[in-house]
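Student: Provided herewith is a single structure, encoded as structure tokens, for subsequent inquiry.
The values are calculated or read from the model by the stated rules, or taken from the named source; none is laboratory data. Every value quoted in this text rests on a predicted model; they were computed, and no experiment measured them. All Cβ positions, even for glycine, are placed from backbone atoms using ideal geometry, and neighbour counts span all protein chains on display. To get the accessible areas, we keep the full protein, side chains included, count just its heavy atoms, and leave off ligands, DNA and RNA. Shrake-Rupley method; radii C 1.70, N 1.55, O 1.52, S 1.80 Å.
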Amino acid sequence: MYDYIIVTHLPAFYKVNLYNELAKNIKIFVIFVSSETNEKRSSDFSSLKDASFEYFLLTQQALQQRNKLKTLYKLFLKIHNIQYKKILVSGWDLPEFWLVAILSPSKKNCLALESTIVESNISGLKGNIKRLFLSMIETVFASGKLHVDLLGKLDYKKEIRVTKGVGIINKPYFERIEKEYQKRFLFIGRLSKVKNLELLINVFNKLPNHKLTIVGDGEEKQYLASIANSNIKFIGSIENTELKYIFNNNDIFILPSISETWGLVIEEALYFGLPVIVSRNCGACELIDNEFNGYVVEPSLNNLEFIIKNISNDTYNKFCNNVRLYPIENKDRHQVLIYECVNALM
């Protein structure tokens, strides 16, 4: 008897890290829909080489190219033959998740909710489809406040548990160095419209004494590079193992997204000791205490320019000290404990 069957998109490193921790104390079986995705920030984003839990892979094809009829049939056969206390799906966006919710008794069904009120449509047909899915779910593991807000708007009345995360980041050893503020800012992520990078570039174009490094790739790269001044540097996608060098060579991380379901890179920035400027539309903005370890902002040109221009050496040093006071490990322990209390859900 498994405590959880977990059905999720793919073996992203942060999910594998979370499942490895869960498997130390409870019995889990993880079903990955696919091994890969076309949308990832680095070639080592997805891997099962470090998995220390039982798992099954529905297809080796990229998530976007999979044969859905085949994966649905394989999923049906797999869950039909396994005994479990609870079954946990990682969203409502795949037909595989709907199959699980329909086939499994609703009292056993759990949802790991990573969608927020910011980007989710809650009206009309789309809103009603989400409400229908939630009617088959007994317990929702909501990542944070913006996710709980979405559940409220969708009239969800059953159990909600807040995890404060979507997984566990890699935590490689690094030597923490005392930095002097050199006005070096960093963005890491896909170069897409939702990341609001055109706004960010317009801000730094007006601040020639500040440097911005943009790490990642995506459909917006060529256009963004064409409008950027010389104080803005573009670096392509890099491996997760190289991230510590990028963080060590910058002072402040900035994520101005129009919407962001979570923003795992915020956790990575905090782990490596960087204060963060984050859009209030990012799920993980609640990890930032405004004017304590960074800024939570309304992402507009004048607002960002004012904040960045007025960061002093003293402000920067205060933020860095405060980042150290609340290690990201505390959040991760909370997340694991919330999932481990499976017997309390029975």
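Student: Of the conditions (1) under 19 Å from Ala269 (Cα atoms); (2) loosely packed, with under 15 Cβ neighbours inside 10 Å, Phe234 fails just one. Which one is it?
Tutor: Every condition holds for Phe234 apart from (2).
Student: Could you run through region 292-318 and say how many residues are within 21 Å of Gln182 (Cβ to Cβ) and either touching a residue at least 60 places away in the same chain (Cβ under 8 Å) or not in a helix (DSSP H, G or I) (or both)?
Tutor: Total satisfying the criteria: 13.
Student: Hey, among the residues in region 207-231 that are in a helix (DSSP H, G or I) and buried (at least 17 other Cβ atoms within 10 Å of the Cβ), which one's modelled with the highest pLDDT?
Tutor: Per the criteria, the residue is Leu224.
Student: Residue under question is Ile6, and the condition is that it be of a type in the set (A, V, I, L, M, F, W, C), open to solvent by less than 30 Å² (accessible area, probe 1.4 Å), within 23 Å of Pro105 (Cα to Cα) and not in a helix (DSSP H, G or I); does it hold?
Tutor: Criteria met by Ile6.
Student: Under 7 Å by Cβ, and 6 or more places apart or on different chains, what pairs join a residue from region 256-276 that is of a type in the set (D, E, K, R) and surrounded by 22 or more Cβ atoms within 10 Å (Cβ to Cβ) with one that is modelled with pLDDT of 95 or more and part of a helix (DSSP H, G or I)?
Tutor: So the pair list comes out as Glu260/Gly283; Glu267/Ala284; Glu267/Leu287.
Student: How many of the residues in region 277-291 are open to solvent by 40 Å² or more (accessible area, probe 1.4 Å) and outside any helix (DSSP H, G or I)?
Tutor: Number satisfying all stated conditions: 4.
Student: Then there's this: How many of the residues in region 81-95 are under 13 Å from Ala112 (Cα atoms) and free of Cβ contacts under 8 Å to residues at least 60 places away in the same chain?
Tutor: Summing the residues that are under 13 Å from Ala112 (Cα atoms) and free of Cβ contacts under 8 Å to residues at least 60 places away in the same chain in region 81-95 gives 2.
Student: Follow-up question, since we're still on this one. Can you tell which of Asn281, Asn303, Asn313 is of a type in the set (S, T, N, Q), more than 15 Å from the chain's Cα centre (by Cα) and either at pLDDT below 95 or farther than 16 Å from Asp251 by Cα (or both)?
Tutor: Exactly one residue qualifies, and that residue is Asn303.
Student: Report yes if Val33 is touching a helix residue (DSSP H, G or I) at 6+ places or on another chain (Cβ under 8 Å), surrounded by 21 or more Cβ atoms within 10 Å (Cβ to Cβ) and under 20 Å from Lys86 (Cα atoms), otherwise no.
Tutor: So Val33 fits the description; yes.
Student: Restricting to region 237-255, and then to whatever is of a type in the set (Ser, Thr, Tyr) and in contact (Cβ under 8 Å) with a residue 12 or more places away in the chain, can you tell me which residue is surrounded by the fewest Cβ atoms within 10 Å (Cβ to Cβ)?
Tutor: Of region 237-255, the ones of a type in the set (Ser, Thr, Tyr) are 237, 241, 245.
With the extra rule that they be in contact (Cβ under 8 Å) with a residue 12 or more places away in the chain, the set shrinks to 237, 241.
Details: Ser237: 17, Thr241: 11.
Checking each candidate, the answer is Thr241.
Student: Is it fair to say Leu99 is under 16 Å from Leu151 (Cα atoms) and not aromatic (Phe, Trp, Tyr)?
Tutor: Values: under 16 Å from Leu151 (Cα atoms): no; not aromatic (Phe, Trp, Tyr): yes.
In short, no.
Student: Right, here's the next one. Restrict the check to region 56-71 and report whether at least one residue is under 23 Å from Ala142 (Cβ atoms) and open to solvent by less than 60 Å² (accessible area, probe 1.4 Å).
Tutor: No, region 56-71 has no match at all.
Student: Is it the case that some residue within region 36-47 is aromatic (Phe, Trp, Tyr), open to solvent by 20 Å² or more (accessible area, probe 1.4 Å) and over 20 Å from the mean Cα position of the chain (by Cα)?
Tutor: Step one: of region 36-47, the residues aromatic (Phe, Trp, Tyr) are 45.
Then drop every residue that is not open to solvent by 20 Å² or more (accessible area, probe 1.4 Å), which leaves 45.
Filter once more, so that each one left must be over 20 Å from the mean Cα position of the chain (by Cα): none.
No, there is no match, as no residue in region 36-47 is aromatic (Phe, Trp, Tyr), open to solvent by 20 Å² or more (accessible area, probe 1.4 Å) and over 20 Å from the mean Cα position of the chain (by Cα).
Student: Further question on the same structure: Among the listed residues Ile266, Ile258, identify the single one that is assigned to a loop (DSSP other than H, G, I, E, B), modelled with pLDDT of 95 or more and closer than 24 Å to Lys145 by Cβ.
Tutor: Step by step, each of Ile266, Ile258 is checked, and only Ile258 is assigned to a loop (DSSP other than H, G, I, E, B), modelled with pLDDT of 95 or more and closer than 24 Å to Lys145 by Cβ.
Student: Report yes if Ser52 is of a type in the set (Ser, Thr, Tyr), open to solvent by less than 40 Å² (accessible area, probe 1.4 Å) and either under 18 Å from Ile338 (Cα atoms) or not in a strand (DSSP E or B) (or both), otherwise no.
Tutor: In short, no.
Student: How many residues are in contact with a strand residue (DSSP E or B) (Cβ under 9 Å, 6 or more places away or on another chain) and open to solvent by 30 Å² or more (accessible area, probe 1.4 Å) when one looks only at region 296-333?
Tutor: Adding up the residues that qualify gives 3.
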